[in-house]
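Some notes on the structure that comes next.
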């Protein structure tokens with residue numbers, strides 16, 4: 001049986017970890033290197049590092065932050081934000097990333113997904129999808145949630161899989177930072193329609209939220225606030241998951 005991955009997320013800007021609600025009202029949440037080391041020590045399976053202002057500022061990822069984190073981190077590191085082409089991906093990987101996450105640039109030019117998969121392998125390419133509720137459906141939002149599209153999230157997820165993505169990082173913009181639980185209907189809709197691993201993101205408050213997400217089809221669970229603010233530790237979270245019958249690496 002494959003184990004479920006527990007993944008802390010570091011949203012960064014200007015060399016600091018930040019956290020907001022529905023992608024807005026960012027507050028300082030700590031130093032990225034210190035948090036990365038702490039989370040690995042607590043048993044994190046992977047770490048996701050997202051430069052949340054790179055795209056809106058029309059710049060590349062802050063590579064110094066990637067290098068600094070890699071110096072203290074042995075677990076897999078996924079890096080996103082500001083990756084607009086293969087050259088940007090090369091720079092991020094050379095700085096220490098194991099996987100790259102693409103979002104807005106891939107939506108603008110879907111061929112980027114294929115180009116990255118052909119160059120580095122599908123296992124290196126995470127398609128990050130930010131979803132906003134629209135009636136009974138969910139639509140893709142890009143540019144850090146500032147631009148709505150008319151593209152169905154499920155349709156875009158299927159397209160990303162066909163183009164060569166190896167994983168989907170699925171974030172509910174409506175639940176982001178609210179601690180109201182993952183959007184289970186969104187997870188079910190996407191996970192049931194693709195064959196790729198789906199990482200649940202947006203809204204986690206307790207390990208029970210993660211258990212529910214896994215039951216809804218998630219292969220991995222990502223969280224930020226509940227770990228940054230000390231509500232629980234990754235070790236405690238994994239013990240709760242294991243007690244509920246979820247296979248995790250301890």
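The values are calculated or read from the model by the stated rules, or taken from the named source; none is laboratory data. Quantities reported herein were computed from a predicted structural model and do not represent experimental measurements. Note that each Cβ is placed from the backbone with ideal geometry, even for glycine, and that neighbours are counted across all protein chains shown.
Residues of the range 52-102 being surrounded by 22 or more Cβ atoms within 10 Å (Cβ to Cβ), assigned to a loop (DSSP other than H, G, I, E, B) and at pLDDT 95 or above, which ones?
97 - this is the single residue of the range 52-102 that is surrounded by 22 or more Cβ atoms within 10 Å (Cβ to Cβ), assigned to a loop (DSSP other than H, G, I, E, B) and at pLDDT 95 or above.
Starting from residues that are under 19 Å from residue 212 (Cβ atoms) and in a loop (DSSP other than H, G, I, E, B), keep the ones in the range 2-21 and report whichever is modelled with the highest pLDDT.
The extreme case among them is 4.
Quick check, is residue 117 under 26 Å from residue 69 (Cα atoms), touching a strand residue (DSSP E or B) at 6+ places or on another chain (Cβ under 8 Å) and surrounded by fewer than 22 Cβ atoms within 10 Å (Cβ to Cβ)?
Considered against the rule, which asks whether it is under 26 Å from residue 69 (Cα atoms), touching a strand residue (DSSP E or B) at 6+ places or on another chain (Cβ under 8 Å) and surrounded by fewer than 22 Cβ atoms within 10 Å (Cβ to Cβ), residue 117 comes out as yes.
For residue 49, work out the one condition from (1) out of contact with any helix residue (DSSP H, G or I) (no Cβ under 8 Å at 6 or more places or on another chain); (2) touching a residue at least 12 places away in the same chain (Cβ under 8 Å) it doesn't fulfil.
(1) is the only condition that residue 49 fails.
How many residues does the range 96-146 contain that are on the phi > 0 side of the Ramachandran plot, in contact with a helix residue (DSSP H, G or I) (Cβ under 7 Å, 6 or more places away or on another chain) and touching a residue at least 40 places away in the same chain (Cβ under 8 Å)?
1
Please go through (1) more than 30 Å from residue 110 (Cα to Cα); (2) in a helix (DSSP H, G or I); (3) touching a residue at least 40 places away in the same chain (Cβ under 8 Å); (4) more than 18 Å from the chain's Cα centre (by Cα) for residue 250 and return the number of the only condition it doesn't satisfy.
Against the list (1) more than 30 Å from residue 110 (Cα to Cα); (2) in a helix (DSSP H, G or I); (3) touching a residue at least 40 places away in the same chain (Cβ under 8 Å); (4) more than 18 Å from the chain's Cα centre (by Cα), residue 250 comes up short only on (2).
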